[in-house]
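K.L.:
Sharing a structure with you now.
The values are calculated or read from the model by the stated rules, or taken from the named source; none is laboratory data. Model, not experiment: these values are computed from the prediction. We place every Cβ from the backbone using ideal geometry, glycine too, and count neighbours over all the protein chains shown.
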Amino acid sequence: MTMDIKDFQIPRLGRAQLDSPLDPSTAFIDDGATVAYDSDAAKLAEYVRKGKTIPAFELAGPRARIYHDPSWCKAAVLTAGGLCPGLNDVIKFLTSTLRGQYKVPIVYGIRYGYRGLNPASKLAPIVLTDENTDDIHEQGGTILGSSRGEEDTGVMVDTLMRMNINLLFCIGGDGTARCAHDIAMEAQRRGLSISVISIPKTIDNDISFIDKSFGFETAVAACSRFASGANNEAKGAYNGIGLVRVMGRDSGFIAAYATLANSYINYCLVPERKFTLEGEGPDALLPNLVERMNRKHHAVMIVAEGAGQELFDKLPEMHDASGNLIHNDIGILLRDKIREHFKKLDIEVNVKYFDTSYAVRSGPCHGADAVFCAMLAQNAVHAAMAGRTDMVIGHWGDHFTHVPIALATRERKKIDLHSQLWTSVRASTCF
């Protein structure tokens, strides 16, 4: 993909002229610090040879000079879209960084996503404090509630003006980020100094120009329990098949990583790879499965929710409140088709089906994922206080970065079937 330096520029509300209230020993980031988009040495050398500026992300972190006066600030936090492990961690660390480090006097929690910015919803915000967010990281879900669906941008900006909000943090996926972009554009049109920062929440890890998003590692780890159960069930019955359905509407990263983390998984089906049920050739699933049953008499299969959608008969399209296409249930289809195929061949088969979706996304995050949430939130606050807006806090090459929303939402990140990741998956599976 050809990139231009302009694609990476972050909007600023104005000059940062105030001294940061953070401890002078803080490792402040120079305003010109960047992280190169390309890590390939040959590509970097080509930019230099041609005299071009290397496309690079702005490096995230605290600045010695800030734009907003903390004592006059009011912040608001909202969560939108589906649930994801780590939402409460991000809420907690946004609150503690705003109130504890920058001494912002008021932090509001907007209830049920963007719906809470529409006064017609009659959803009063709550005031977030160190006390009422102290242990929320131990809970799954979000204490603020979430929702899908569009709200009028002008109405939402009117609400922000009435509440005197000048720092808005929107935690969600690409749809949430697009709405944050619309708010930032409307605020700019009105001449309002509101920093709008999006924090990427997508359990599918499918936001472009961000190498990972929070909740993903927890989701992969949670899948292991189901994969283990599927393996036990498969080996516990003659010609046993453990079939595990995981999240992954358009991108199969959870399925792929779970496969590598649980090496007894024999089949990994993702949206990026098309396959057929019957027929001949390497992409015909059921003949391959029959051959394995004849050899091993058991198999474990993991399938992302968006895989195999082309296998369904033409059905009317349905969309959720955010406009996302609602996929047909590939797990149920595979379960039934496997049983039908083996019955037709007069071969005994015992299929056990596990649907992990809500169990995986609704719990708390843990380990490195929790640390990641904390650092995302802290860097989101640093960016907002420095006057950045219309941006996503990203992560690239072991660094936290600033990514323009327009760049992050340009296209959905998918598994490259020629990548080392997919090569590793294929090497550990039989299909």
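K.L.:
With the structure loaded, tell me whether LEU192 is in contact with a helix residue (DSSP H, G or I) (Cβ under 6 Å, 6 or more places away or on another chain) and either more than 26 Å from ARG412 (Cβ to Cβ) or not assigned by TED's automatic domain parsing to the domain that holds ARG12 (or both) or whether it fails that test. If you could, list the steps in order and put the result at the bottom.
P.N.:
Details: in contact with a helix residue (DSSP H, G or I) (Cβ under 6 Å, 6 or more places away or on another chain): no; either more than 26 Å from ARG412 (Cβ to Cβ) or not assigned by TED's automatic domain parsing to the domain that holds ARG12 (or both): yes.
For LEU192, the condition - in contact with a helix residue (DSSP H, G or I) (Cβ under 6 Å, 6 or more places away or on another chain) and either more than 26 Å from ARG412 (Cβ to Cβ) or not assigned by TED's automatic domain parsing to the domain that holds ARG12 (or both) - is not met.
K.L.:
Are any of the residues in segment 360-371 touching a Cys at 6+ places or on another chain (Cβ under 6 Å), at pLDDT below 95 and closer than 30 Å to LYS92 by Cα? Spell out the reasoning first.
P.N.:
Taking segment 360-371 and keeping what is touching a Cys at 6+ places or on another chain (Cβ under 6 Å), we get 361.
Checking which are at pLDDT below 95 leaves us with 361.
Narrowing further to those that are closer than 30 Å to LYS92 by Cα: 361.
So far as segment 360-371 goes, yes, one or more of its residues are touching a Cys at 6+ places or on another chain (Cβ under 6 Å), at pLDDT below 95 and closer than 30 Å to LYS92 by Cα.
K.L.:
Something else now. Got at least one residue in segment 282-294 being among the small types (Gly, Ala, Ser) and in contact with a Pro (Cβ under 8 Å, 6 or more places away or on another chain)?
P.N.:
We begin by selecting, within segment 282-294, every residue among the small types (Gly, Ala, Ser); these are 284.
Checking the rest, the ones that are also in contact with a Pro (Cβ under 8 Å, 6 or more places away or on another chain) come to none.
No, there is no match, as no residue in segment 282-294 is among the small types (Gly, Ala, Ser) and in contact with a Pro (Cβ under 8 Å, 6 or more places away or on another chain).
K.L.:
Assuming LEU144 fulfils every condition listed in (1) more than 22 Å from LYS201 (Cβ to Cβ); (2) touching a Lys or Arg at 6+ places or on another chain (Cβ under 9 Å); (3) assigned to a loop (DSSP other than H, G, I, E, B) apart from one, which condition is it?
P.N.:
The one condition LEU144 does not meet is (1).
K.L.:
Let me ask something additional. Being of a type outside the set (A, V, I, L, M, F, W, C), under 29 Å from the mean Cα position of the chain (by Cα) and not in a helix (DSSP H, G or I) is true for just one of GLY51, GLY61. Which residue is that? Before the answer, list the steps.
P.N.:
Numbers: GLY51 fails: under 29 Å from the mean Cα position of the chain (by Cα).
GLY61 is the lone residue from the list that is of a type outside the set (A, V, I, L, M, F, W, C), under 29 Å from the mean Cα position of the chain (by Cα) and not in a helix (DSSP H, G or I).
K.L.:
Suppose we filter THR429, THR401, THR389 for residues that are under 15 Å from ALA256 (Cβ atoms) and either touching a Phe, Trp or Tyr at 6+ places or on another chain (Cβ under 7 Å) or in the same structural domain as PRO85 (by TED's automatic domain parsing) (or both); which single one remains?
P.N.:
Numbers: THR401 fails: under 15 Å from ALA256 (Cβ atoms); THR389 fails: under 15 Å from ALA256 (Cβ atoms).
It is THR429.
Each row is one residue, and each column tells you yes or no for (1) at pLDDT 95 or above; (2) within 30 Å of ASP69 (Cβ to Cβ); (3) assigned to a loop (DSSP other than H, G, I, E, B).
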residue: GLN188; (1), (2), (3): yes, yes, no
residue: ILE197; (1), (2), (3): yes, yes, no
residue: CYS223; (1), (2), (3): no, no, no
residue: ALA258; (1), (2), (3): yes, no, no
residue: GLU278; (1), (2), (3): no, no, yes
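K.L.:
Among the listed residues THR389, THR401, which satisfies the condition of being of a type in the set (S, T, N, Q) and either more than 18 Å from the chain's Cα centre (by Cα) or at positive phi (or both)? Reasoning before the result, please.
P.N.:
Working: THR401 fails: either more than 18 Å from the chain's Cα centre (by Cα) or at positive phi (or both).
The conditions single out THR389.
K.L.:
Further, regarding this structure: Restricting to segment 84-120, name every residue that is among the β-branched types (Val, Ile, Thr) and free of Cβ contacts under 8 Å to residues at least 40 places away in the same chain.
P.N.:
Keep residues of segment 84-120 that are among the β-branched types (Val, Ile, Thr), which gives 90-91, 95, 97, 104, 106-107, 110.
Across segment 84-120, the qualifying residues are THR95, ILE106, VAL107, ILE110.
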